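Below is one structure, written out as structure tokens, with a few remarks after it.
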Amino acid sequence: MIWHELDPLVTTIGEALPEVEGMALVAGVAADNLDDLDEVEQALVARAVPKRQREFSTGRQLARLAMSHLGVPGDVIGRDSQRRPIWPEDLVGSITHAGDIVVAGVARSDSVEGFGIDLEEVDRVSQKLHSKLLTVNEIELSRHSDDRLPALIFSAKEAGYKATNPIVGKFIGFHEAEVDVDWAQKQFVIRYVGDHEPNRIMERGLGYFTFFERYVFSLFIIR
Ligand SMILES: CC(C)(COP(=O)(O)OP(=O)(O)OC[C@H]1O[C@@H](n2cnc3c(N)ncnc32)[C@H](O)[C@@H]1OP(=O)(O)O)[C@@H](O)C(=O)NCCC(=O)NCCS
């Protein structure tokens, strides 16, 4: 279930993405929500710059709003040593921020094993980043494709990483995964081409994407 809180952004996202039972996604504009955070959460960004405090505090607030849509009490969302959010028991979740927009979501872990969301400003994925973020095959494909493909691949990989890393626990480099995009269906799959077998669970997932304004948004779900 996708819940609409910020139009037109969430309408665009909501229309492009599937209805997933037991999942709620909420988007908002980054604002100073520090006073509404728990002390544990406040301490995590006490010394951060104001922009980081806004995106962090808004992400936590939106994640709690998503929880409320699932009928789950809004609990503290800590952070582990790998900077992953610590979700309340029986939930999985994901947070992303770009520009001044923040999107957060949660899902019941009996509906979804893991999921990741990622928002990117398309223009920020400049040509000089391509060799770092894309494999040789992906660079070759980009030469004959929509100009936005490199940004989409980057966003898809980050969403895939956010879904997979909390399950497997091992870093995945940008050259260890290749994204296959189905433009007509607005879906993607990810092939894991590295050598850490457990990361192959990425290949069970399915991704969804949409472009709006200057952004690309990706959702990757492992059921
Ligand atoms: C962790 C990472 C994916 C975050 O993406 P980003 O575009 O930099 O930033 P976003 O705003 O989209 O996401 C940040 C949020 O991701 C979440 N996050 C951080 N580390 C995470 C992890 N290991 N797993 C899942 N979520 C994570 C946090 O909620 C964070 O926000 P918060 O600190 O306010 O809670 C990115 O910094 C990274 O390390 N990428 C390298 C690995 C990778 O993506 N490989 C791709 C190969 S498949």
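If Leu129 meets every condition in (1) at pLDDT below 95; (2) surrounded by fewer than 18 Cβ atoms within 10 Å (Cβ to Cβ); (3) not aromatic (Phe, Trp, Tyr) apart from one, which number is that one?
It fails just one condition, (1).
Residues of segment 58-99 being surrounded by 15 or more Cβ atoms within 10 Å (Cβ to Cβ) and among the acidic types (Asp, Glu), which ones?
Within segment 58-99, just Asp75 meets the criteria.
Need at least 2 residues that are more than 8 Å from the ligand (Cβ to nearest atom) and within 30 Å of Asn33 (Cβ to Cβ) per element, so show me which helices (runs of 4 or more DSSP H) inside segment 71-187 make the cut, counting only ones lying wholly within it. Even if it seems obvious, please write down each step before you answer.
Values: elements: 130-133, 136-142, 149-168.
Once the helices (runs of 4 or more DSSP H) in segment 71-187 are filtered for at least 2 residues that are more than 8 Å from the ligand (Cβ to nearest atom) and within 30 Å of Asn33 (Cβ to Cβ), what remains is 149-168.
Out of all the residues in segment 163-180, which are over 18 Å from Leu129 (Cα atoms) and surrounded by fewer than 24 Cβ atoms within 10 Å (Cβ to Cβ)?
Initially, segment 163-180 is screened for residues over 18 Å from Leu129 (Cα atoms), giving 163-171, 180.
Those that are over 18 Å from Leu129 (Cα atoms) and surrounded by fewer than 24 Cβ atoms within 10 Å (Cβ to Cβ): Asn165, Pro166, Ile167, Val168, Gly169, Lys170, Phe171, Asp180.
Taking the conditions exactly as written (farther than 19 Å from Tyr161 by Cα and modelled with pLDDT of 90 or more), does Pro50 satisfy them or not? Steps first, please.
Details: farther than 19 Å from Tyr161 by Cα: yes; modelled with pLDDT of 90 or more: yes.
Against the criterion (farther than 19 Å from Tyr161 by Cα and modelled with pLDDT of 90 or more), Pro50 qualifies.
Leu134: of a type outside the set (Val, Ile, Thr), out of contact with any strand residue (DSSP E or B) (no Cβ under 8 Å at 6 or more places or on another chain) and buried (at least 19 other Cβ atoms within 10 Å of the Cβ), yes or no? Please lay out each step first, then the result.
Values: of a type outside the set (Val, Ile, Thr): yes; out of contact with any strand residue (DSSP E or B) (no Cβ under 8 Å at 6 or more places or on another chain): yes; buried (at least 19 other Cβ atoms within 10 Å of the Cβ): yes.
Judged against the criteria, Leu134 is a match.
Quick check: anything in segment 33-52 of a type in the set (Lys, Arg) and not in a loop (DSSP other than H, G, I, E, B)?
Our first condition is that a residue be of a type in the set (Lys, Arg); within segment 33-52, this holds for 47, 51-52.
Add one more test, that the residue is not in a loop (DSSP other than H, G, I, E, B), and what stays is 51-52.
Within segment 33-52 (the criterion being of a type in the set (Lys, Arg) and not in a loop (DSSP other than H, G, I, E, B)), the answer is yes, since at least one residue qualifies.
The values are calculated or read from the model by the stated rules, or taken from the named source; none is laboratory data. These figures come from a predicted structure and were not determined experimentally. Virtual Cβ from ideal backbone geometry, glycine too; neighbours counted across all protein chains shown.
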